[in-house]
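Trainee: Before we start, here is the structure in question, set down as structure tokens.
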Amino acid sequence: MKAVIMAGGKGTRLRPLTCTLPKPMVPVACRPMMEHVVNLLLAHGFRDLACTLCYMPDTIQSHFGDGASLGCSIRYSVEETPLGTAGSVRALADFLDETFLVISGDALTDVDLASAVEFHRQKGAAATIVLTRVETPLEYGVVIVDGDCRITRFLEKPSWGEVFSDTVNTGIYVLEPDVMELVEASREFDFSKNLFPRLLGDGYPMFGYVAEGYWCDVGNLEQYRNTHLDILDGRVRVAIPGELVDEGVWIDEGAEIETGAILRAPVVVGPRARVEKGAVAGDYSVIGAASILAGGSSVRRSILWPGAFVGQNAQVHAAIIASRVSVKAGASVLEGAVVGSGSSIGERAQVKAGVKIWPDKAVDGGSQVNASLVWGAPWSKRLFGRLGVAGLSNIEVTPDFAARLGAAYASCLPEGGTVTVSSDVHPASKMTRASLACGVMSVGAAVADLGDATTAVARYGVPALRAAGGMHARVSPTDDNVTVIEFLDSRGINIDKALERKIENALLTEDYRRAAPSRVGGLLRETGMTALYLDAMERAVDAESIRRARLCLVAGYDEDYLGDVMSLIPGAFCCTLKQTRAFQGAWAMAELADAVVAEGARLGVLLDRNAEQLALVNERGESVCDEDVLALICSALLKSRAGGTVVVPVTAPGAIEKVAMGLRGRVVRSQANPRSMMEKAIEARVTMGEAGVPQFQPMLDGLFALVVLLEQLAQGSEPLSLMVSAMPRSFMTRRLVDCPWQSKGRVMRHLIEETDSEEVQLVDGIKVYTDQGWTLILPDSEDPVFHVYSEAASQEIAEEIAGIYVSRIADAMGDVE
């Protein structure tokens, strides 16, 4: 049988290990990763092999040659320009004259390939994708199949709200030759992004083979470490080189273990390696070929590549040491550290936990390395959350981290552009803003500093200045000790997932532009953006009608954060604004209600410190529930813009559709995140701001929502209490269900399977409609929980149906644990 090995990967997320060799050649248990793949193919009867190459092809070709020494035939195809995964395989068209298998050369697996081929033939498939189940599907391509294993849907690197299964694409395919005729030679063409969606759309028989066994794409350093633990624990069936001399102890040919040396299982000692008297090696360690462990040294839970040297009394604990690295006497390399090929760690030097050292660097004796020698330490978790990047102020989000983050973002934008920076007034936010600006300037981009602002002002400022993007730092709405950094694209909306991943990759690999001293970017301070934002808001509503009404309102807000923008409201709209001292919590609402009645105001409002969310009190001092506030805002928008469209998240009550129907408007539902809402607004051609861009989104901008409500109060004679009473009733409840990260994907799959016969909407999470109402099961993107929202004809029914799905989640967790 024939097989194609895709081996063109650079392995950027494995740097510094892949700075000097391609990812398929990274050693795994003393053998190149691709050699394990070739051995698997041979074990399942594949003898006629082809290999697609791109990055450092000579390294792979010189190691494997024509395959004769391994008992097979290997031919090669080298990409001169990127062709994409499918395009690179199509370049082997003359080789593809029968059913063939495609497999990645940089993943580790022991799945039964012969069974996958047999499955493919039994189904009469044009294409079969080998699938596996994973705990966290976010970084993979999720594939959904029906009861006959026929593929029904693809989701490439989904958000948690789109994780409808835990079966993912392994990058192993069984294909018929004719499907490759659909691959376009004129451009990059990928299997997942291009070919498979086309096959599915054209009705080709496509099936998913859910394989048993082990699979790991070894995509980052943590997975690389864990793969070795799995091998040594026997979780994956691969050939460990050497002789098993004792339980969990493998020693390869020519290795020398001196008397008095201690080997602690499990451990692999490669060919010609030497472990001297008094040295200790093991506890899940791999000692590469020709490596030397001097007397008194200690190597535990570590991976040593060929030719490594660990000097007397030196320690390497839970680290990765690449080829030809010298760790000299008394030095230590600690947990999670990675030392690139050819580097030297001087005597008594200390490489601290998590530090990465690029190839061919020298660390002076006695020194302590606390950060990467290239440009700082890596971020230890997924970088982006719902709002952007968040972390403990000055602990996780430090000035040096923010500078690197700013440099990473600017490096992902076109050269020669301007990037805006802004922040709220919190000292940590201002510090972060300054550091972000420094990072942007270091790559040669210009910075426009908008100063102190809200996110809404920052959104307006980016397109107003024709900037390439923007960053806004602010204190978290839920924790004063956390700084949030929001990233905006050229339209002023939150950046997409693709750019998030580019930034993450640039930061992780520390691969960003560095400008020459004479080309460092400039800094321009843009004052008055808040006033320009308010001017644009005036043009977006009937400001004159508000001025004529001479309305009185009471507002509670944080003077330090919102004082500047709120001070402009009375002058802009000729209204009387009374301020209360409290701005959050039950006490603030009580104080606001008393002030509204005392002042005879038309309404009262509480604004959070970012002016995103608002709470309302009517003229009688009665608080307005959140569902009614949203319905009021949508009603006000549609009344002033006949036949218009409002965009609301999937979590919004169904009353919104009733409001829109009565006003001949349209409702568009979006995912429950800022970017999705603004994208949907653009798609719907909702024009509320300048230049046709919907800068003002009341669901994200509490101040604009307030002005829209003032417009309706000014144009009508009804008090706010009557406007509220006219809104359709909504009875909603929300529940939180704890769920471990590793169970989320499988729970979503169970719920999808259970609701197969019901009316389901898959915009964000799983929304199930019944005769009694609807329930939304939404996995949180940042915490190990599910949100369960329900709406029904009464509060009791809403609570009841929410409870049903809380129980279903609990049952699904019980099934997968």
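The values are calculated or read from the model by the stated rules, or taken from the named source; none is laboratory data. As the structure is a prediction and not an experimental result, all values here were calculated from the model. Cβ placement follows ideal geometry from the backbone for every residue including glycine, while neighbour counts extend to all protein chains displayed. Ligands, DNA and RNA are excluded from the accessible area calculation, which covers all protein heavy atoms including side chains. Shrake-Rupley method; radii C 1.70, N 1.55, O 1.52, S 1.80 Å.
Trainee: I'd like the full set of residues that are polar (S, T, N, Q) and open to solvent by less than 20 Å² (accessible area, probe 1.4 Å), limited to segment 533-586. Talk me through it step by step, then tell me what you get.
Mentor: Here is the first cut: in segment 533-586, the ones polar (S, T, N, Q) are 545, 567, 576, 579-580, 584.
Passing the criteria: S545, T580.
Trainee: Taking the options A586, A631, A601, name whichever one is without any contact (Cβ under 8 Å) to a residue 24 or more places away in the chain and of a type in the set (A, V, I, L, M, F, W, C). Even if it seems obvious, please write down each step before you answer.
Mentor: On the way: A631 fails: without any contact (Cβ under 8 Å) to a residue 24 or more places away in the chain; A601 fails: without any contact (Cβ under 8 Å) to a residue 24 or more places away in the chain.
Checking each option against the conditions leaves just A586.
Trainee: Can you tell me which residue in segment 726-745 is farthest from the chain's Cα centre (by Cα), limited to those that are of a type outside the set (S, T, Y) and in a loop (DSSP other than H, G, I, E, B)?
Mentor: Only one residue fits best here, namely A726.
Trainee: Right, next: Do you know which residues across segment 395-442 are over 23 Å from D608 (Cα atoms), outside any helix (DSSP H, G or I) and open to solvent by 10 Å² or more (accessible area, probe 1.4 Å)?
Mentor: Once the filter is applied, which keeps residues that are over 23 Å from D608 (Cα atoms), outside any helix (DSSP H, G or I) and open to solvent by 10 Å² or more (accessible area, probe 1.4 Å), segment 395-442 yields I395, E396, T398, C412, L413, P414, E415, G416, G417, T418.
Trainee: Identify all residues within segment 662-696 that are in contact with a helix residue (DSSP H, G or I) (Cβ under 7 Å, 6 or more places away or on another chain), at pLDDT 75 or above and polar (S, T, N, Q); write none if there are none. Step through it out loud before you land on a result.
Mentor: From segment 662-696, those in contact with a helix residue (DSSP H, G or I) (Cβ under 7 Å, 6 or more places away or on another chain) are 663, 665-668, 670-671, 688-691, 693-696; that's our starting set.
From the residues that got through so far, the ones that are at pLDDT 75 or above too are 663, 665-668, 670-671.
Scanning segment 662-696 gives S670, Q671.
Trainee: Let me ask another. List the residue pairs whose Cβ atoms are under 9 Å apart, where the first residue sits in segment 71-85 and is surrounded by fewer than 19 Cβ atoms within 10 Å (Cβ to Cβ) and part of a loop (DSSP other than H, G, I, E, B), the second is modelled with pLDDT of 85 or more and aliphatic (A, V, I, L, M), and the two are 6 or more positions apart or on different chains.
Mentor: G71/L42; C72/V38; C72/L41; C72/L42; C72/L49; E79/L53; E79/A91
Trainee: When the residues of segment 321-347 are filtered to those that are touching a Leu at 6+ places or on another chain (Cβ under 7 Å) and not in a loop (DSSP other than H, G, I, E, B), which remaining residue is nearest to L263 (Cα to Cα)?
Mentor: Only one residue fits best here, namely I321.
Trainee: Across segment 132-154, what is the number of residues that are open to solvent by 30 Å² or more (accessible area, probe 1.4 Å), of a type in the set (V, I, T) and farther than 19 Å from F196 by Cα?
Mentor: Of the residues in segment 132-154, 1 are open to solvent by 30 Å² or more (accessible area, probe 1.4 Å), of a type in the set (V, I, T) and farther than 19 Å from F196 by Cα.
Trainee: Additional query: Among the residues of segment 382-395, is there at least one that is more than 25 Å from E222 (Cα to Cα) and β-branched (V, I, T)?
Mentor: no
Trainee: Is one or more of the residues making up segment 470-490 open to solvent by 20 Å² or more (accessible area, probe 1.4 Å), in a strand (DSSP E or B) and under 23 Å from S393 (Cβ atoms)?
Mentor: Yes, some residue in segment 470-490 is open to solvent by 20 Å² or more (accessible area, probe 1.4 Å), in a strand (DSSP E or B) and under 23 Å from S393 (Cβ atoms).
Trainee: Restricting attention to segment 616-647, which residues are under 26 Å from E559 (Cβ atoms) and open to solvent by less than 30 Å² (accessible area, probe 1.4 Å)?
Mentor: Matches in segment 616-647: L616, V617, N618, G621, V624, V629, I633.
Trainee: Which ones in segment 509-527 are out of contact with any strand residue (DSSP E or B) (no Cβ under 9 Å at 6 or more places or on another chain) and either open to solvent by 40 Å² or more (accessible area, probe 1.4 Å) or polar (S, T, N, Q) (or both)?
Mentor: Across segment 509-527, the qualifying residues are T509, D511, R513, R514, A516, P517, S518, R519, V520.
Trainee: Shifting gears a bit: Out of everything in segment 1-46 that is among the polar types (S, T, N, Q) and touching a Ser or Thr at 6+ places or on another chain (Cβ under 6 Å), what residue ends up being farthest from R121 (Cα to Cα)?
Mentor: T20
Trainee: Further question on the same structure: Considering only segment 214-256, state which residues are open to solvent by less than 50 Å² (accessible area, probe 1.4 Å), within 26 Å of A7 (Cβ to Cβ) and part of a loop (DSSP other than H, G, I, E, B).
Mentor: Answer for segment 214-256, where residues must be open to solvent by less than 50 Å² (accessible area, probe 1.4 Å), within 26 Å of A7 (Cβ to Cβ) and part of a loop (DSSP other than H, G, I, E, B): Y214, D217, V218, G219, N220, V236, V238, I240, P241, G242, D252.
Rundown of residues vs (1) touching a residue at least 40 places away in the same chain (Cβ under 8 Å); (2) more than 29 Å from Y224 (Cβ to Cβ); (3) open to solvent by less than 10 Å² (accessible area, probe 1.4 Å); (4) in a strand (DSSP E or B), yes/no style:
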{"position": "D94", "(1), (2), (3), (4)": "no, yes, no, no"}
{"position": "L101", "(1), (2), (3), (4)": "yes, no, yes, yes"}
{"position": "V111", "(1), (2), (3), (4)": "yes, no, yes, no"}
{"position": "A116", "(1), (2), (3), (4)": "yes, no, yes, no"}
{"position": "R121", "(1), (2), (3), (4)": "no, yes, no, no"}
{"position": "V130", "(1), (2), (3), (4)": "yes, no, yes, yes"}
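Trainee: Evaluate the following for E544: is it within 18 Å of F704 (Cα to Cα) and part of a helix (DSSP H, G or I)? I'd like the intermediate steps shown before the answer.
Mentor: Values: within 18 Å of F704 (Cα to Cα): yes; part of a helix (DSSP H, G or I): yes.
Spelling it out, E544 is indeed within 18 Å of F704 (Cα to Cα) and part of a helix (DSSP H, G or I).
Trainee: Sticking with this one: Could you pull out the residue among A43, A50 that is of a type in the set (A, V, I, L, M, F, W, C) and free of Cβ contacts under 8 Å to residues at least 12 places away in the same chain?
Mentor: Sole residue among the options that is of a type in the set (A, V, I, L, M, F, W, C) and free of Cβ contacts under 8 Å to residues at least 12 places away in the same chain: A43.
Trainee: For segment 225-255, which positions are without any contact (Cβ under 8 Å) to a residue 24 or more places away in the chain and touching a Gly at 6+ places or on another chain (Cβ under 6 Å)?
Mentor: Result: W250, I251.
Trainee: Here is a further query. Report the residue count in segment 259-283 for those that are open to solvent by 60 Å² or more (accessible area, probe 1.4 Å) and more than 20 Å from G330 (Cα to Cα).
Mentor: Of segment 259-283, the ones open to solvent by 60 Å² or more (accessible area, probe 1.4 Å) are 259, 262, 264, 272, 274, 277.
From the residues that got through so far, the ones that are more than 20 Å from G330 (Cα to Cα) too are 259, 264, 272.
Going through segment 259-283 one residue at a time, the tally reaches 3.
A quick yes/no check of all residues on (1) modelled with pLDDT of 90 or more; (2) within 24 Å of A294 (Cβ to Cβ); (3) within 39 Å of the chain's Cα centre (by Cα):
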position: L221; (1), (2), (3): yes, no, yes
position: G248; (1), (2), (3): yes, yes, yes
position: G254; (1), (2), (3): yes, yes, no
position: T259; (1), (2), (3): yes, yes, no
position: I262; (1), (2), (3): yes, yes, no
position: A279; (1), (2), (3): yes, yes, no
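Trainee: Of the conditions (1) closer than 24 Å to Q613 by Cβ; (2) part of a loop (DSSP other than H, G, I, E, B); (3) modelled with pLDDT of 95 or more, L450 fails just one. Which one is it?
Mentor: The failed condition is (2).
Every residue, every condition in (1) open to solvent by 30 Å² or more (accessible area, probe 1.4 Å); (2) in contact with an Asp or Glu (Cβ under 9 Å, 6 or more places away or on another chain); (3) in a loop (DSSP other than H, G, I, E, B); (4) more than 29 Å from A255 (Cα to Cα), yes or no:
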residue	(1), (2), (3), (4)
G9	no, yes, yes, yes
T18	no, no, no, no
L21	no, no, yes, no
P24	no, yes, no, no
M34	no, yes, no, no
N39	yes, no, no, no
G45	yes, no, yes, yes
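Trainee: Counting residues that are among the acidic types (D, E), which strands (runs of 3 or more DSSP E) fully inside segment 757-812 reach at least 1?
Mentor: On the way: elements: 759-761, 766-770, 773-779, 785-792.
Result: 759-761, 785-792.
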